[in-house]
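The values are calculated or read from the model by the stated rules, or taken from the named source; none is laboratory data. Everything quoted here is computed from the prediction, not taken from an experiment. Backbone-built Cβ (ideal geometry, glycine too); neighbour counts: all protein chains shown. These area figures cover heavy atoms from the full protein model, side chains too; ligands, DNA and RNA do not enter into them. Shrake-Rupley method; radii C 1.70, N 1.55, O 1.52, S 1.80 Å.
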Amino acid sequence: MSKIVVLGGGESGVGAALLAKHEGFDVFLSDQGQLKPEYQQSLLDAQIPFEQGAHSMDKILEAQEIIISPGIPEKSPIVKEIKQKNISLVSEIEFASRYTQAKIIAITGSNGKTTTTLLTYHLLKEAGLKVGLAGNIGHSFAKQVMEKQHEYYVLEISSFQLDRCFHFAPDVAVLLNITPDHLDRYEYQFENYIQSKFRIFQNAQTNTTCIFWSGDPVLQSHASSLPHQAQIKTISFDDSNANMLIQNDQLKGSSQFQLNLADAPLKGPHNAINMSAAILAAEAIGISAESIHLALKTFENAPHRLEPCGTWKGVQFINDSKATNVDAVFYALNSFKQPIILIIGGVDKGNEYEVLDDLVKEKVKGIICLGIDNQKLESHFGPIGTSIFSTDNLQAAVQKSIEWGQSGDIVLLSPACASFDLFKNYEDRGNQFKAMVKMLNDGK
């Protein structure tokens, strides 16, 4: 019996362990941290041995294949040891895709992939299809494959998951955009990150539908890497030959699909691209324009993505805590015409902030730097001339935004950075922000 080791006991790791056991492998799971009680119970119920708080390298290196959590970086000592032993090292996505005949829509991109994934899933679900939501969102892909309840999957795929995909071949592959992100995981080489994202197309065949925004500068400069043998579907703001043209406040599809953006559930030019990608993906598997229009009317985006969370004395507060890179902030700033007080900061990921300069000068009346180390932000934005305030306390940040704000202004939490210096994760950051705004409205 072949042995599989799973590194990481989170949602994807435990799901992968359960699928591996179901498929007849000898399975062992190892996690340096502590497993949640419900994950421990799942492993105990399935009689899968596991360890927590340490990695036993002797047991791990006995494996014929290792399924690795996307949170474990390639440069970590444990990965280096595994590579030295030439043991197959794959992601949950790669492993689970071997055991399903379901149609797969896979979505990646530096920005917008969660929104696009959720909308695509919604369009399929509302059309009455048996569809699962997984990948970097929802429940474990592997566990759902084991349960065999779905005929379609919509997967949000990160670059870390793609790094360990080799034969994964989605039926519909979506690449929204590529902008600098996670460079700390890619030796601060943007090209390494670009190549990671392009892996979404690496196994595209003539019957694969590949969807992308043709206006993305990186995709334009790497046009030779695009899967020209596949069924290409493009999104554009100016190319009349595109499969979805975003122009004159409308989406116009080559399939005759049309949508007035005033009636769309998502606002801003970046969300027009996201909606276009989801619509093209739904069309690719045969969903009608009528069904798509009906489903769009009932879509609600996930929290922490340009989420309105209250108004105080005419000042509107927007929670965009999911904006963990510079380009996400760029898109957020472009979504508003009102004066903006921007709350930014956290754990810098090798960001370069120059792309924001013109928008900051045009739209931002004040910048509040929220993090333990704000020096890089202060030194960059200080000379621009916008009012700037630095703090490591969210309450102080909100209080300063109240002092600066006037009726009609926007207070935008759009950090451009990871959250781990002051918060558990971006959800915790956004939830605490929303709670403080609620306290304002409650008069506390």
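Exactly one residue out of Arg185, Arg199 is touching a helix residue (DSSP H, G or I) at 6+ places or on another chain (Cβ under 6 Å), farther than 23 Å from Ser291 by Cβ and of a type outside the set (Gly, Ala, Ser), and it is Arg199.
Restricting the search to region 96-135, which residues are closer than 23 Å to Gly9 by Cβ and surrounded by fewer than 19 Cβ atoms within 10 Å (Cβ to Cβ)? Spell out how you get there, then give the answer.
First, pick out the residues of region 96-135 that are closer than 23 Å to Gly9 by Cβ: 96-100, 132-135.
Matches in region 96-135: Arg98, Tyr99.
Scanning region 239-253 for residues that are over 27 Å from Arg199 (Cα atoms), part of a loop (DSSP other than H, G, I, E, B) and touching a residue at least 12 places away in the same chain (Cβ under 8 Å) yields one hit, Asp249. With respect to the conditions (1) more than 21 Å from Ile279 (Cβ to Cβ); (2) part of a loop (DSSP other than H, G, I, E, B), Gly128 lacks only one, and its number is (1).
Could you say whether any residue in region 259-270 is open to solvent by 30 Å² or more (accessible area, probe 1.4 Å), over 22 Å from Leu118 (Cβ atoms), at pLDDT 90 or above and not in a strand (DSSP E or B)? There is no residue in region 259-270 that is open to solvent by 30 Å² or more (accessible area, probe 1.4 Å), over 22 Å from Leu118 (Cβ atoms), at pLDDT 90 or above and not in a strand (DSSP E or B). If you check Phe381 against the conditions, is it buried (at least 19 other Cβ atoms within 10 Å of the Cβ), of a type outside the set (A, V, I, L, M) and more than 23 Å from Cys309 (Cα to Cα)? Yes, satisfied. Out of Glu307, Glu290, Glu300, one residue alone is surrounded by fewer than 17 Cβ atoms within 10 Å (Cβ to Cβ) and over 13 Å from Leu119 (Cα atoms). It is Glu290. Of the strands (runs of 3 or more DSSP E) lying entirely inside region 283-399, those containing at least 1 residues that are without any contact (Cβ under 8 Å) to a residue 12 or more places away in the chain and either under 30 Å from Gln189 (Cα atoms) or over 19 Å from the mean Cα position of the chain (by Cα) (or both) span 307-312. For Asp58, indicate whether it is of a type in the set (Asp, Glu), free of Cβ contacts under 8 Å to residues at least 12 places away in the same chain, surrounded by fewer than 16 Cβ atoms within 10 Å (Cβ to Cβ) and within 24 Å of Gly138 (Cβ to Cβ). No.
The condition of being among the hydroxyl-bearing types (Ser, Thr, Tyr) and farther than 20 Å from Ala302 by Cβ holds for only one of Ser407, Ser414, Ser419, that being Ser407. If the condition is being more than 23 Å from Ala277 (Cβ to Cβ) and open to solvent by 50 Å² or more (accessible area, probe 1.4 Å), then region 143-170 contributes Lys143, Glu147, Lys148, Gln149, Phe166, His167. Between His167, His122, His139, the distinction of being at pLDDT 95 or above and in a loop (DSSP other than H, G, I, E, B) belongs to His167 only. Condition check: assigned to a loop (DSSP other than H, G, I, E, B) and either open to solvent by 70 Å² or more (accessible area, probe 1.4 Å) or not hydrophobic (A, V, I, L, M, F, W, C) (or both). Does Lys75 satisfy that? When the stated conditions are applied, Lys75 passes them.
Taking the conditions (1) surrounded by 24 or more Cβ atoms within 10 Å (Cβ to Cβ); (2) within 16 Å of the chain's Cα centre (by Cα) in turn, His139 satisfies each one other than (1). Within region 427-444, the set of residues being closer than 20 Å to Asp181 by Cα and either of a type in the set (A, V, I, L, M, F, W, C) or surrounded by fewer than 21 Cβ atoms within 10 Å (Cβ to Cβ) (or both) comprises just one member, Glu427. Restricting attention to region 307-332 and to residues that are aromatic (Phe, Trp, Tyr) and touching a strand residue (DSSP E or B) at 6+ places or on another chain (Cβ under 9 Å), the residue that is nearest to Val364 (Cα to Cα) turns out to be Phe317.
Every residue in region 205-252 that is small (Gly, Ala, Ser) and over 22 Å from the mean Cα position of the chain (by Cα), please.
If the condition is that a residue be small (Gly, Ala, Ser) and over 22 Å from the mean Cα position of the chain (by Cα), then Ser221, Ala223, Ser224, Ser225, Ala230, Ser240, Ala242 are the ones that fit.
Within region 37-55, being in a loop (DSSP other than H, G, I, E, B) and surrounded by fewer than 13 Cβ atoms within 10 Å (Cβ to Cβ) holds for Gln47, Gly53, Ala54. The set of residues from region 23-35 being loosely packed, with under 13 Cβ neighbours inside 10 Å and not polar (S, T, N, Q) comprises Gly24, Gly33.
Let me spell it out: the conditions are (1) farther than 18 Å from Lys113 by Cβ; (2) modelled with pLDDT of 95 or more; (3) of a type in the set (Gly, Ala, Ser), and Ala173 meets all of them except one. Which number is the exception? Condition (1) is where Ala173 drops out.
Selection of region 2-21 for residues being closer than 20 Å to Glu62 by Cα and open to solvent by 40 Å² or more (accessible area, probe 1.4 Å) yields Ser2, Lys21.
Residues of region 384-407 that are among the small types (Gly, Ala, Ser) and either touching a His at 6+ places or on another chain (Cβ under 6 Å) or surrounded by fewer than 19 Cβ atoms within 10 Å (Cβ to Cβ) (or both): Gly385, Ser387, Ala396, Ser407.
Working carefully through the options Ile93, Ile82, Ile67, find the one that is β-branched (Val, Ile, Thr), without any contact (Cβ under 8 Å) to a residue 40 or more places away in the chain and crowded, with 18+ Cβ neighbours inside 10 Å.
Ile82
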